[in-house]
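The values are calculated or read from the model by the stated rules, or taken from the named source; none is laboratory data. Computed from a prediction, not measured in an experiment: that's the story for all the values here. FYI the Cβ positions are ideal-geometry reconstructions off the backbone, even for glycines, and counts take in every protein chain you see. In case anyone asks, the SASA skips ligands and DNA or RNA and just uses the protein heavy atoms, side chains included. Shrake-Rupley method; radii C 1.70, N 1.55, O 1.52, S 1.80 Å.
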Amino acid sequence: MGASEASACLPGGHLAERSRSPPQLAPGRTGATTRSAVQVGLSGRGAGSVGDVAAELRHWFRNDVRDRLESTAGGPARLRVIVLLAGVLALSTADTATVGAIAGELESSLHLTNTQVGLMVTVSVGVGAVATLPAGVLADRFSRTRLLWISVLVWAVAMLVSGLAMSFPMLLVTRLALGAVIATAYPASASLTGDLFSPSERGAIYGYILSGELVGTGIGFLVSGDLAAVLTWRAGFIWLATPSLLLAWAIRRYLPEPARGGQSRLRAGDAEIRSAEEVQREEQDHAGSPGRSSRNAARSGPDEPGTDEAEPDEIGRDAVDPDDVEEGEVEQKIQEQQVPARDHLVLHEDPTHKSLWWAVRYTLSIPTNLILIVASGLGYFFLQGLETFFVVYLRSRYGLSQSTASSLLVVLGCGAIVGVLVTGWSSDRLIHRGWITARPILAGVSFIVAVGVFVPALLAGALLVAAPLLFVAAAGLGGTNPPLNAARLDLVHSRLWGRAEAVRTGLSTALQAIAPLLFGYVSTLFGGQSGRFGESSASGGGQSGLEQTFLIMLVPLLVAGLLLLIRARVTYPPDVASAVASEHAVHAAEG
């Protein structure tokens with residue numbers, strides 16, 4: 001929801017035409033005008049019953065809120081996909097943010113050190129890293145939406161059990177199941193994004209979806225942190241089970257499994273998502289019909305043997321001719337400029353049923369993809385440490401209360417949301433203007449900006465000076481992800497999206513897993529022997545230790561930015577050309 005609201009302020013939204021039930025407002029009558037209309041309507045009715053108020057509020061929401069969000073997203077179906085996928089990513093970050101927000105209360109209750117708190121995050125994230133690779137295989141071969149709602153359901157149960165844990169070992173064990181949502185969220189979401197949205201707009205779409213990560217972080221810090229301060233740390237975990245159950249139900253109810261290869265791609269104004277079953281029926285209806293349009297012909301290609309009763313995600317896998325599916329502007333410009341492909345990277349057979357280890361070797365053999373994976377992993381490494389310990393740092397550095405420090409971190413999260421929305425949209429616009437390497441270059445610039453602003457922000461002695469600098473730094477850090485994620489889909493065959501994202505997520509998550517432990521350990525080296533949150537806050541030693549830790553950990557961000565600016569901008573065009581050539585070669589081999 002936060003991503004969609006923020007995106008309504010950005011240019012580039014598609015206005016979908018819809019009919020509205022009367023009564024209607026005149027064009028442009030929104031905001032205060034609507035409230036006036038509500039007041040006039042109520043006064044005209046005299047007493048104004050509760051039913052009248054509810055009706056007017058529904059009318060206001062439909063015309064001023066929902067329609068604006070749908071216009072920005074490009075239609076109801078597109079908004080629904082963005083909100084649900086953003087919600088899944090929000091869960092993966094709300095958990096780790098909750099640990100950071102309630103760290104002080106956990107220390108007091110269970111007598112934990114910085115290192116032990118870091119270990120809590122490491123366990124759940126580490127399990128996710130191990131499980132991500134097989135989850136990528138499942139995302140390429142089975143129903144992705146089913147994987148998502150089942151994982152979210154398991155996550156909800158695990159949060160309940162975490163809140164009921166009576167000791168640190170018990171809490172550690174219960175958090176093993178939380179790796180499920182990490183393992184499935186990113187491969188399935190990346191694959192669904194590639195199939196449902198055009199390549200030319202994936203930067204902006206990823207900006208909206210990835211805002212869910214930041215919204216989840218804000219919810220974890222603000223809501224869970226305040227609940228822990230007012231009630232108990234257990235409430236910080238337990239309350240998250242309710243939205244998780246609702247999200248699992250919504251995914252199962254409102255997000256059908258789309259066909260692969262672009263046949264279910266959403267266009268501006270679409271009200272419903274065309275499921276894989278619907279695509280299969282269309283293929284059967286159009287089979288053998290003369291005079292079909294190229295789009296229908298693309299949707300009704302030859303059936304793959306043995307897929308008549310296949311899983312929904314298998315339907316129409318071989319039915320798409322790359323020439324009949326909308327290409328991204330990067331691919332178009334690559335072909336126009338006749339950028340040569342790397343022959344050893346061009347696939348000539350369907351990679352769907354290739355082994356996991358073949359997929360790992362192949363995706364890591366793509367030079368740009370390897371750079372993007374490393375850069376993304378280093379970014380998430382720093383972000384994970386920041387989420388786990390920054391509230392503690394703010395409390396000890398500036399003497400803030402738990403709720404004030406959590407609120408400040410939410411403000412920084414808003415800066416990161418601004419970053420993901422701006423860079424996602426900007427990368428698409430720059431590509432449209434002919435800048436082929438806009439995505440890796442913009443991500444690299446964002447890394448450099450984040451490092452350059454974080455340093456004075458951490459060294460500033462006054463909160464009034466540090467806060468705006470931290471806001472800009474957060475925007476830079478958040479702005480690295482939409483261009484990186486969109487670029488990765490440009491680099492591999494569409495039938496490898498799930499496993500390619502699993503490789504990225506696995507390596508990135510491994511770095512995330514060690515980040516809290518490493519941040520916590522390094523902080524104890526600089527901040528004293530005990531390294532406990534309560535003692536650090538009191539003595540101020542923890543503030544110094546964490547400050548030095550954050551400054552040291554900025555070095556990997558600088559490395560990531562330089563890799564993208566110096567190396568990826570050179571390797572990106574031929575690697576995209578190789579992916580385009582693979583799509584055409586595989587289709588040609590299938591006849």
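Pairs linking a residue in the range 539-550 that is polar (S, T, N, Q) to a residue that is at pLDDT 80 or above and open to solvent by 10 Å² or more (accessible area, probe 1.4 Å), with Cβ atoms under 8 Å and 6 or more positions apart or on different chains, are GLN543/SER396; GLN543/ARG397; GLN548/VAL522; THR549/VAL522.
The residues of the range 335-386 that are aliphatic (A, V, I, L, M) and farther than 30 Å from ALA475 by Cα, listed by number, are VAL339, ALA341, LEU345, VAL346, LEU347, LEU356, ALA359, VAL360. Taking every residue in the range 565-591 that is farther than 26 Å from GLY444 by Cβ and outside any helix (DSSP H, G or I) and pairing it with any residue that is open to solvent by 70 Å² or more (accessible area, probe 1.4 Å) and not aromatic (Phe, Trp, Tyr), at least 6 positions away or on another chain, the pairs with Cβ-Cβ distances below 8 Å are GLU590/PRO302; GLY591/PRO302.
Here ARG361 meets each of (1) in a helix (DSSP H, G or I); (2) open to solvent by less than 60 Å² (accessible area, probe 1.4 Å); (3) closer than 30 Å to ARG495 by Cβ with one exception, condition (2).
Out of the range 452-496, which residues are more than 26 Å from GLN263 (Cα to Cα) and either touching a Pro at 6+ places or on another chain (Cβ under 7 Å) or not in a helix (DSSP H, G or I) (or both)?
Answer for the range 452-496, where residues must be more than 26 Å from GLN263 (Cα to Cα) and either touching a Pro at 6+ places or on another chain (Cβ under 7 Å) or not in a helix (DSSP H, G or I) (or both): ALA460, GLY461, ALA462, LEU469, GLY479, THR480.
For the range 65-85, check the following and say yes or no: at least one residue is modelled with pLDDT under 75, farther than 29 Å from LEU255 by Cβ and surrounded by fewer than 23 Cβ atoms within 10 Å (Cβ to Cβ). No, the range 65-85 contains no residue that is modelled with pLDDT under 75, farther than 29 Å from LEU255 by Cβ and surrounded by fewer than 23 Cβ atoms within 10 Å (Cβ to Cβ). Among all positions in the range 105-121, there is no residue which is more than 23 Å from GLY225 (Cα to Cα) and open to solvent by 10 Å² or more (accessible area, probe 1.4 Å). If you go through the range 344-358 and keep only what is outside any helix (DSSP H, G or I) and not acidic (Asp, Glu), you end up with VAL346, LEU347, HIS348, PRO351, THR352, HIS353, LYS354, SER355. Just one of the listed residues (GLY377, GLY413) is surrounded by fewer than 23 Cβ atoms within 10 Å (Cβ to Cβ), in the same structural domain as ALA460 (by the TED database) and in a helix (DSSP H, G or I), namely GLY377. Of the candidates ALA204, ALA188, ALA241, the single residue that is surrounded by fewer than 22 Cβ atoms within 10 Å (Cβ to Cβ) and not assigned by the TED database to the domain that holds ARG499 is ALA241. Only one entry of LEU210, LEU214, LEU246 meets the criterion of being out of contact with any Ser or Thr (no Cβ under 8 Å at 6 or more places or on another chain) and either buried (at least 18 other Cβ atoms within 10 Å of the Cβ) or at positive phi (or both), and that entry is LEU210. Within the group VAL492, VAL559, which residue is open to solvent by 50 Å² or more (accessible area, probe 1.4 Å) and either modelled with pLDDT of 85 or more or within 18 Å of the chain's Cα centre (by Cα) (or both)? Criteria check complete, one pass: VAL559. Just one of the listed residues (VAL157, VAL181, VAL173) is out of contact with any Cys (no Cβ under 6 Å at 6 or more places or on another chain), open to solvent by 10 Å² or more (accessible area, probe 1.4 Å), of a type outside the set (Lys, Arg) and modelled with pLDDT under 85, and it is VAL173. From the list PHE447, PHE382, exactly one residue is at pLDDT 85 or above, touching a Ser or Thr at 6+ places or on another chain (Cβ under 8 Å), aromatic (Phe, Trp, Tyr) and open to solvent by less than 10 Å² (accessible area, probe 1.4 Å). Which is it? Of PHE447, PHE382, the one residue that is at pLDDT 85 or above, touching a Ser or Thr at 6+ places or on another chain (Cβ under 8 Å), aromatic (Phe, Trp, Tyr) and open to solvent by less than 10 Å² (accessible area, probe 1.4 Å) is PHE447.
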